[in-house]
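The values are calculated or read from the model by the stated rules, or taken from the named source; none is laboratory data. Not measured: the values here are computed from a predicted model. Virtual Cβ from ideal backbone geometry, glycine too; neighbours counted across all protein chains shown. Areas reflect the complete protein model, heavy atoms only, side chains present, ligands, DNA and RNA absent. Shrake-Rupley method; radii C 1.70, N 1.55, O 1.52, S 1.80 Å.
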Amino acid sequence: MTTLVHLSDLHFGRDVDLEQVAEAETFVATSVPNAVVISGDLTQRARHGEFQRALVFVDRMRSFAPTLVIPGNHDVQWWETPFDVTGADRKHRKYRQYFGDDLTPTLELPGLCVASVLTSHGVVWGSMTWRFWRDAAVKGHLPSGEVERIQAIFDRQPAGTTKVLALHQNVVRGEISNRMGLARGKVAARRLAGSGADLILCGHDHQESMSQLDDRVVVATAGTLTRRTRGKRASAFNLITLEADSIAVQHQMWEVSARTFTPGVARVFPRSG
């Protein structure tokens, strides 16, 4: 049995709820998962102070378990190079300063491979939609080459390895927002379903969910550690249990009266061979 804690959308800066952050740290410290995955939006405005506080949190997670972290759309300084007119490197300059040059890290442990793709590219043509005024700098996109790279990573894993794919934008349409996180979302979902992943971890929508792609690939969407949730719901992150024949996802929900996270909805998905 392998356990993962999946967090997303901490938004250090204006929107972060530091009490929730502290309780999430306590949860990870006491549950001792095999790995922690943080699927983007560590900051609110990609400022140095926000990244510095986020790094403190990530280092705390790393002291408890191997931790994989990726950038989200709020971590991108897209305004410095819209449409990459002065090159693509500048928009992730601060993120790289604090979390390293690898924007698509891979975490490999016995029986587990967590790979990641970069979907938060800022204001670029690939992420544009016809609703430019609403989606600019918010939507992400999934280049086809990224899926091929992930397939190669998964193909080299030993038999029996659980293959997990992490990205920021939500793969499944939000229940309340009714929005997909990726431009050309249906095409992206088909690519992800064929990536070889057993489990996909994402965030972005600020509403927790669990579902499947093609009735085969489990998708777990984490909420946020802020009060900016969809429909004024409780904040949430995910506790995931991987076994040989199943993937179990349980939302950990912020309980205002108790000032802590408590177990929420859980679902067990049979493994597809």
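In the range 197-256, Cα pairs under 8 Å separated by at least six residues give a relative contact order of 27 percent. Of the trypsin sites (Lys or Arg not before Pro) found in the range 74-144, the ones in coil according to DSSP and having at most 12 other Cβ atoms within 10 Å of their Cβ are 131. Charge dipole (Cα centre; +1 on Lys/Arg Cβ, -1 on Asp/Glu Cβ; no other charges) of the range 7-86 amounts to roughly 200 debye. Pairs of lysines in the chain whose Cα atoms sit within less than 26 Å of one another amount to 6, provided the residues are eight or more positions apart or on different chains.
Across the range 205-222, rounded Karplus estimates of 3J(HN,Hα) from the backbone phi angles (6.51 cos²θ - 1.76 cosθ + 1.60, θ = phi - 60°) give 7, 6, 9, 6, 6, 8, 6, 9, 9, 6, 6, 9, 9, 6, 10, 10, 9, 7 Hz, Gly and Pro being marked x.
Take the Kirkwood radius over Cα pairs of the range 37-143, plug it into Stokes-Einstein at 10 °C and 1.306 mPa s, and you get 109 µm²/s for translational diffusion.
Taking the DSSP bridge list for the range 154-269 and keeping only pairs wholly inside it, about 75 percent are antiparallel. Excluding ligands, DNA and RNA, the accessible surface per residue across the range 189-246 is 38 Å² with a 1.4 Å probe.
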